[in-house]
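Contents: one structure, followed by commentary.
Each value in this text was obtained by applying a stated rule to the coordinates, not by laboratory testing. Bear in mind the structure is a predicted one, so any value in this text is a computation, not a measurement. Positions of Cβ are generated from backbone atoms using ideal geometry, with glycine treated the same way; all protein chains shown enter the neighbour counts.
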Amino acid sequence: MLVDGSGSGLLSKMEAADTGTPKSLRTRGVLLAVGSAASNQVGAAMGSLAFPVLGPPGVVAVRQAIAAVLLWSIAKPRLGSFTRAQWIPVLSLALALGVMNLTLYFAIQRIGLGLAVALEFLGPLGVSLFGARSRAVVVAAALAGIGVLALTHPDASSDFAGIGLALLAACGWASYILLNRTIGRRLPGLEGTAVATGISASLFFPIGVFIFIKAQPGVAIVCYAVGAGVLASAIPFALDLVTLRRLPPSLFGVISSIQPVFAALVGVVILRQPLIPLEWLGILLIAAANIIVLSFGGSGRGKALFN
């Protein structure tokens with residue numbers, strides 16, 4: 001059971017378990033981030049099946065609406081108690097959610113998946129490098145960046161609009177990380193994320209209604225879009241907020257490199273798309289980066305090891 005009558009339940013128990021050594025808390029945070037990434041990529045694969053009918057705006061509209069309904073029912077936010085210091089990051093996160101999702105999809109259409117994903121990863125990579133407190137995190141971020149390039153092996157492109165959209169998605173992802181960290185400190189439970197998702201969903205709602213009236217999607221397409229809303233929005237949004245209460249953004253940025261890894265593995269398992277040796281090398285580099293973060297990131301040992 002996810003929630004009980006007071007809006008607590010599994011998520012509350014997860015947060016109540018935030019006791020133990022820094023390393024144990026970091027390990028739990030990494031596991032939550034891995035679960036978020038796995039859910040996100042399975043949901044993204046489902047959402048892609050609805051693209052031919054609904055297009056990126058339609059899928060984003062459904063994703064945001066489903067996530068808003070689920071998170072709002074869990075968090076039961078008390079809007080009247082929000083202060084100005086709480087509203088500012090919530091409204092900013094609402095904008096970041098829309099930018100992060102929509103611009104990436106349009107970038108993929110213009111410059112291809114590999115280059116779009118590689119450029120988008122500049123967002124969390126930048127968060128890691130600028131926020132790094134040890135050389136371990138810097139080394140891990142560099143390995144993760146090289147791994148993402150090997151995994152996506154992007155082609156060159158002269159479509160500057162597509163490149164700009166991918167970079168905008170990178171800014172959205174970086175903002176998403178930093179704003180969730182702030183919201184996790186200023187608001188209890190999932191209240192901030194629920195309200196931000198609700199605002200973002202309301203902005204996309206008219207677009208979604210127009211697309212649904214025009215496209216008249218079948219039951220299967222609607223199910224794909226709804227599944228994407230649950231797996232690629234509601235669950236990751238909740239898990240990421242809890243994770244960023246346990247991990248600093250610099251470590252979370254490196255761990256975000258597992259997103260393209262899960263995307264590739266979903267392609268292998270579900271879409272039967274084999275990986276070439278270079279892509280497997282990319283996965284190994286990303287795995288090494290995350291092992292470094294888990295073992296040395298955030299501890300004095302990391303500085304000693306790489307001095």
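General observations
- Set the Cα radius of gyration of region 84-212 against 2.2 N^0.38 Å, with N its number of residues, and you get 1.17.
- Chymotrypsin sites (Phe, Trp or Tyr not before Pro) within region 50-115, DSSP loop, no more than 15 other Cβ atoms inside 10 Å: none
- For the chain, the Cβ-based charge dipole about the Cα centre amounts to some 820 debye (Lys, Arg positive; Asp, Glu negative; other atoms uncharged).
- Across the chain, Cα pairs under 8 Å and at least six residues apart give a relative contact order of 37 percent.
- Distance from region 121-170 to region 43-85 (C-alpha centre basis), Å: 26 Å
- Reduced Cα scattering model of region 170-307, Debye log10 I(q)/I(0), q = 0.10 Å⁻¹: -0.50
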